[in-house]
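Written out below as structure tokens is the structure these notes cover.
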Amino acid sequence: MEIAVRRLEEKDLASWDAFVSNHPEGTFCHRAGWKLVIEQGANQKPVYLLAERDGIIVGILPLAHRKSLLFGSALISTMFAVYGGPLASSDEAYDALDTAAWAYAVNEGITALEYRSVRGRHHNNGGWKKDQAKSATFRGALETDHDSILAAIPRKQRAVVRKSLKAGLTCSWEKNIDIFYDLYAESVKNHGTPVFPKKLFKTFLEVFDQDVEIQIIYAPDGSPLASLMSFYHDEYVLPYYAGGKAIARRYGAHDYMYFNLMLRAAERGKTKFDFGRSKLDTGPYKFKKNWGFEPTPLAYETRLADGAVVTDLSPANQKFELMVKIWKKLPLPVANFLGPPIARHLG
């Protein structure tokens, strides 16, 4: 029987997530709940495709249709995610999903189809262009208890963590979206980046429930210093959205925060730590290497229509250099007001 591709329906949710969990390249970012986050949290249009043969799912492809006058139109797998792209059980199913996705793009006048895959499949052919390893992801094993987790951290970074443990900091696991968002918004503004809508983070909490945690780090005087939203998926914990005040570095608050997350995840039975994506040779890239995680280059791929070019929305793009400088100088309330309508197209 031939493979048929159709849209995800409510009745398919459990089967979709089961397929993701059973696939060796499945990630939290592939889960069906991400569809609601894109739709309700960022007001973007999800296009979730599944391939099936004789009623059995043999492939899935989560997509989002970004429409923006400022940043252009694109079909992305997956918006607001570091991972994405199709998952399938055969080359035939992969090809069927590719064909259906490109047919949708052509029908909608979209000139770029982007897959945020860890491992690319297309090798710069058939109109596809591969990102030449601009970013890497950092994954590694997670030990089971306090002493073994600390011992697994390289010596220099371990000394930094030990110092943070003596700084009088406290870690709270309250799901306080307001404190989290204030710290996150201040942090991204200081980097010259518009902040995502608060609704995005609220939707993560609503949709994924116990698979999402918010962590707040407090200074000795009780003031909040740093915050982190993390996701849990199968054997993994993924620290994802982090923020903090400039003074947090003085206390080693982020080192303290990630170490406490490792302890928390081990208590929950997780065995792998996914430090997420960073651009090569940046501060975050070096920070993650210092923790002992080796980088795996990400093979993002984009299929372009004839004459189209890849749109680089990175803050490092010289095209946005002036905007970044101006954004850093904005008062925080102004940045928080102007940022979300812009940032919902940048995920």
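We did not get these values from a lab; they are worked out from the coordinates using the rules stated. What you see is a predicted model; the values in this text were computed from it and never measured. No Cβ is skipped: glycine too gets one built from the backbone with ideal geometry, and neighbour counts run over all protein chains shown.
Values for this structure:
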{"quantity": "Length gained when the stretch residue 21-residue 68 is fully extended (0.36 nm per residue, less Cα-Cα span)", "calculated": "13.6 nm"}
{"quantity": "Between helix 177-190 and the chain: long-axis angle, C-alpha atoms, 0 to 90°, nearest 10", "calculated": "90 degrees"}
{"quantity": "Volume in Å³ per residue [convex hull over Cα atoms, computed for the stretch 114-175]", "calculated": "179 Å³"}
{"quantity": "Unit Cα scatterers, Debye sum, the stretch 136-295: log10 I(q)/I(0) for q = 0.09, 0.11, 0.14, 0.15 Å⁻¹", "calculated": "-0.27, -0.41, -0.69, -0.80"}
{"quantity": "Least to most buried among 29, 171 (fewest other Cβ within 10 Å first)", "calculated": "171, 29"}
{"quantity": "GNM result for the chain, Cα springs below 10 Å: residue of 259, 201, 287 fluctuating most strongly", "calculated": "287"}
{"quantity": "Fewest-first ranking of 346, 332, 113, using other Cβ atoms within 10 Å as the exposure measure", "calculated": "332, 346, 113"}
{"quantity": "Ratio Rg/Rh [Cα only; Rh per Kirkwood] for the chain", "calculated": "0.96"}
{"quantity": "Average Cα contact separation per residue, the stretch 160-299, under 8 Å, 6 or more apart, as relative contact order %", "calculated": "25 percent"}
{"quantity": "18 Å Cα-Cα threshold exceeded, pairs from 202/328; 11/199; 45/67", "calculated": "202/328; 11/199"}
{"quantity": "Degrees between helix 332-343 axis and first principal axis of the chain (Cα, 0 to 90, nearest 10)", "calculated": "20 degrees"}
{"quantity": "GNM top mover of 55, 244, 276 - the chain, alpha-carbon springs below 10 Å", "calculated": "55"}
{"quantity": "Calculated FRET value between residue 328 and residue 99, using beta carbons and R₀ = 45 Å, to 0.05", "calculated": "0.55"}
{"quantity": "Highest-MSF residue in the chain out of 226, 151, 141 [GNM, Cα springs under 10 Å]", "calculated": "151"}
{"quantity": "Reachable aspartates and glutamates from residue 35, criterion Cα separation under 14 angstrom, eight or more residues apart if same chain", "calculated": "9, 10, 12, 17, 206"}
{"quantity": "Per-pair calculated FRET efficiency, R0 = 30 Å: residue 286 and residue 146 via Cβ, rounded to 0.05", "calculated": "0.70"}
{"quantity": "For the stretch 54-171, the fraction of alpha-carbon pairs in successive 5 Å shells from zero, as %", "calculated": "2, 8, 14, 16, 13, 9, 7, 8, 9, 8, 4, 1, 0"}
{"quantity": "Sequence of 344, 162, 119, 139 once ranked by neighbouring C-beta atoms within 10 Å, starting from the fewest", "calculated": "119, 162, 139, 344"}
